[in-house]
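The values are calculated or read from the model by the stated rules, or taken from the named source; none is laboratory data. Worth saying up front: this structure is predicted, and the values here are computed from it rather than measured. Cβ: placed from backbone, ideal geometry, glycine included. Neighbour counts: every protein chain shown.
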């Protein structure tokens, strides 16, 4: 789950994801022929799907399985069983986690000599080339390298990273809005193309290379390119601010950065929805909550908030009750889990 730094990864920018206590499990067994078979407990009622090794795309979820084998250079077939407790389309990196799990299983089964960073880059390549989603590297790096209790401060261009401990007084709140999204659909890929066009217009390699001092040039770009660039540049700065706030335990400053990020994602990047905006507002106004925003690629999915430790679940429950009454949507509190 990305704490802050949204839509900056494919612009070569900075991100700050955290690992959640959710998991994708892949069981993989090599075959002696060139057939790929897969079943998922989460889709198709566990029905087995099969294709010959080497096929480029199936058009269904099986593309994740096919793509992982192709980018890893596997030359034999395999059987795969998949299960997951990560909500699909919730903005919590389920596709990235699946790609990493598949490549870890392939590494183990076929003795592949690839490290954890290579696992992440191959998983991204599989999603870009074989699933059809123009995702950045953040989800895959977070799934491959992240650990509970820390944030992964990642430079998505150099792939250098630093582990930032989460303050003991911080409680993360994650709520799924009940609206799913699909990153292989058009709007997400359109945002990426708009960013590339804005970078060309500014004469930089990627929007990572634009700075707040370039604000006048950014504002002079045609719409919506100016707003897209303004979000990316300001969001990179917010990541740096969030890292500083985590290091000092300043939850008020961290919350303000999340609030600013949501406004930017809503107004400049236009990836929120009225329902998600409402959920953010309802969580934000609860006692003990310092800030909230949409997390993930947008167009639905989940929200994240920072709260005082011990206050998160009660705040989320109050917000969800009103949200469900006003929207008719079924929201789900993913963090913090209710203590038994």
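Do we have residue 200 as assigned by TED's automatic domain parsing to the domain that holds residue 239, outside any strand (DSSP E or B), modelled with pLDDT of 95 or more and exposed (fewer than 15 other Cβ atoms within 10 Å of the Cβ) here?
yes
Assess whether residue 82 counts as being assigned by TED's automatic domain parsing to the domain that holds residue 136, over 18 Å from the mean Cα position of the chain (by Cα), touching a residue at least 40 places away in the same chain (Cβ under 8 Å) and over 22 Å from residue 334 (Cβ atoms).
In short, no.
If you go through region 19-67 one residue at a time, how many are touching a helix residue (DSSP H, G or I) at 6+ places or on another chain (Cβ under 9 Å) and under 30 Å from residue 164 (Cα atoms)?
6
Consider residue 51 against the criteria (1) in contact (Cβ under 8 Å) with a residue 12 or more places away in the chain; (2) part of a loop (DSSP other than H, G, I, E, B): it satisfies all of them except one. Which criterion is unmet?
(2)
For the structure I just gave you, tell me whether residue 21 is within 18 Å of residue 98 (Cα to Cα), surrounded by fewer than 22 Cβ atoms within 10 Å (Cβ to Cβ) and in contact (Cβ under 8 Å) with a residue 40 or more places away in the chain.
Taking the combined requirement at face value, the residue satisfies it.
Among residues belonging to region 209-265 that are part of a loop (DSSP other than H, G, I, E, B) and modelled with pLDDT of 95 or more, point out the one that is surrounded by the most Cβ atoms within 10 Å (Cβ to Cβ).
210
Of all residues in region 67-84 being surrounded by fewer than 21 Cβ atoms within 10 Å (Cβ to Cβ) and touching a strand residue (DSSP E or B) at 6+ places or on another chain (Cβ under 9 Å), which is farthest from residue 33 (Cα to Cα)?
Only one residue tops the list, namely 84.
All but one of (1) under 21 Å from residue 137 (Cα atoms); (2) touching a residue at least 24 places away in the same chain (Cβ under 8 Å) hold for residue 33; which doesn't?
(1)
Looking at region 93-114 only, could you name the residues that are touching a helix residue (DSSP H, G or I) at 6+ places or on another chain (Cβ under 9 Å) and assigned to a loop (DSSP other than H, G, I, E, B)?
Across region 93-114, the qualifying residues are 93, 112, 113, 114.
Quick one: which of 133, 143 is part of a helix (DSSP H, G or I) and under 23 Å from residue 73 (Cα atoms)?
None of the other options fit; the residue is 143.
Looking at residue 93, is it under 30 Å from residue 336 (Cα atoms), surrounded by fewer than 15 Cβ atoms within 10 Å (Cβ to Cβ), modelled with pLDDT under 95 and touching a strand residue (DSSP E or B) at 6+ places or on another chain (Cβ under 9 Å)?
For residue 93, the condition - under 30 Å from residue 336 (Cα atoms), surrounded by fewer than 15 Cβ atoms within 10 Å (Cβ to Cβ), modelled with pLDDT under 95 and touching a strand residue (DSSP E or B) at 6+ places or on another chain (Cβ under 9 Å) - is not met.
Looking at region 113-169, which of its residues are in contact with a strand residue (DSSP E or B) (Cβ under 6 Å, 6 or more places away or on another chain) and loosely packed, with under 15 Cβ neighbours inside 10 Å?
162, 163, 165, listed by residue number.
Out of 119, 164, 114, I need the residue that is more than 16 Å from the chain's Cα centre (by Cα) and under 19 Å from residue 237 (Cα atoms). Which one?
Criteria check complete, one pass: 164.
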